[in-house]
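First up is the structure itself, then whatever we jot down about it.
Laboratory data are not the source of any read-out in this text; all were calculated from the coordinates shown. Note that the structure is a prediction, hence the values are computed from the model and not measured. Cβ coordinates were reconstructed from backbone atoms using ideal geometry, including for glycine residues, and neighbour counts include every protein chain displayed.
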Amino acid sequence: MRRLIAPAADAPFERGPVPSFSIVIPAYQAAESIADTVASALGQTLRPYEVIVCDDGSTDDLDSVLAPYREQIVLLRRPHRGAGPARNAALRVASGDFVVMLDADDVYEPDRLSALAELAAARPDLDILGTDAYFEVETGLNGRFYEFTEFEVEEQRLGIMERCFVAWPALRRARVLEIGGFDESPEIAPAEDWDLFIRLILGGSRVGLVDEPLMRYRKHPASMTANRSRALRSRVAVLEKTRLHPGLTIEERRYLDQCLARARSRSVLVDAKGFAAAHRQGGRRRLLALAARSEVPTTTRLTLAVAAFVPPAAIRILGWTERRTARSRPRRAVSSLLVTGIRRADARAARRREPQ
C-alpha cells in the first residue's frame, strides 16, 4: 500500500474508477534529451491513454529523434511561443480524464501513472494528483522535491500562494479547460504552471500526493542561474495577478500581500546582486534606483541603499538578505493555525488507531 496524503474529504464517497491519463510533453530544442522522456512515458506499467508531444518551433533534429516513437505518440507542431502555449495546444487535443505534465528533459519512473491512478481511485474528489520527485544532477540523484518544499495538507488555499507545493502533477482536464488553461502572457512565464495551480485551488480544486519519488527532475545549474531573475519576476507577476481574484477572503488577501512583499524583495535583491557582481558602470545609481521603488518593502529598500554605498561588501550583503528572505514564512492568522493544529492532532490520533 502506498502512502497517500490529501485533505480531509467534505463528505463520504465511494471508491472511484481508474481514470485515463494523457501525458503532455512540450518540446523546444530538446533533441538531446527527449528520447529518454518519451520512452519513460510509453514504458509505464499502466499504459497512458496517449502521449502528446508539442514541438514548440524547434530548429534542432527533433524529428529524427522522435522517429522511432512516431506510431505511438501524437506529435503537434506550432511556432515557438513558450511552454504555456505549447501545453494549451496539447490540452485542446487531449482526450484523457487527466493530463499529466512532463517536461522534455525529465523522466518518469515506470509505475508513476499506476500510483497516480491509485490515488485518483481512492480519492475521486481530487482534481490535482502528484508524487514526490528526485532531483537529478550530472553527478547523480541530489535530494527530493518534498525535502525542500513542504506539501500543504490542511490549508491549501493559503499554502499555494506562499509556495508552489505541487510538482509535475496530473490535472483533471475538464477543470483546466474550464478555467481557461495556462496563462500565455509573457510576464507570467515561466511560472505559468504555478499560476494555473493557484487558479484551480482558489476555484475549489484540491491536491493529493503519493508520497514516493516517482519521477526525476533533471537540474541544469547553468540554465537555472541564467533564468533565476526572470523566474523571480514571474512569481511577482503571478501574485499580483492573484490579488485580483474575486474569491479571496480578507484573511487570504492579507496573507497574499505578505507573500507578494517577500516575492518583490527577492526579485529586487537578486537583480541588485547581479548589478553588483557585474561591476557595471553606474552600479550605485542602479541600486539607488531600485531602493527608490515604492512597491519594494521598506527593509529591502534600506538594504539596497546600504549596499550602494559599500561596494566591496555589496554582493555579500545582498546575497545574505535574499537567502534570509527566501527562508522567511508569512504569518497566518491565529484561527487558521488553530484549525491546522486540530486537524494535525486528529490525523495523528487516527494513525495511532490504525492496526499495526
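Relative contact order for the stretch 4-227: what percent, with Cα pairs under 8 Å and sequence separation of 6 or more?
Working: 439 pairs, mean separation 62.0, N = 224.
This gives 28 percent for the stretch 4-227.
Taking a ≥ b ≥ c as the square roots of the Cα gyration tensor eigenvalues, the stretch 110-179 comes out oblate, since a/c reaches at least 1.5 and a/b does not exceed b/c.
Could you give the size of the charge dipole of the chain about its Cα centre, using +1 on the Cβ of each K and R and -1 on the Cβ of each D and E, expressed in debye and rounded to the nearest 20?
On the way: 54 positive and 47 negative charges, 410 e Å.
Computed about the Cα centre, the dipole is about 1980 debye.
For the peptides 119-125, 165-171, residues were scored by their other Cβ atoms within 10 Å and the scores averaged per peptide; the highest-first order is 165-171, 119-125.
The listed peptides 148-154, 16-22, ordered by packing as a protection proxy, come out as 16-22, 148-154 (highest mean of other Cβ atoms within 10 Å first).
Relative contact order for the stretch 13-63 using alpha-carbon pairs under 8 Å, separation at least 6, rounded to a whole percent? Walk me through the numbers before you get to the answer.
Values: 52 pairs, mean separation 26.1, N = 51.
This gives 51 percent for the stretch 13-63.
Of the DSSP beta bridges with both residues in the chain, give the percent that are antiparallel, rounding to the nearest 5. The antiparallel proportion sits near 35 percent. Among the listed options (i) 22.0; (ii) 20.9; (iii) 25.6, the one matching Kirkwood radius over Cα pairs in Å as calculated from these coordinates is (i). For residue 78, the residues 5 or more places off, or on other chains, whose built amide H falls under 5 Å of its own are 55, 57.
With n ≥ 4 as the cut-off for DSSP H runs, can you work out [θ] at 222 nm for the chain, using -39500 (n - 2.57) per run divided by the number of residues, rounded to the nearest 500? Mind showing how you got there, number by number?
Numbers: 14 runs with 170 residues, N = 356.
Calculated from helices alone, the mean residue ellipticity at 222 nm is -15000 deg cm²/dmol.
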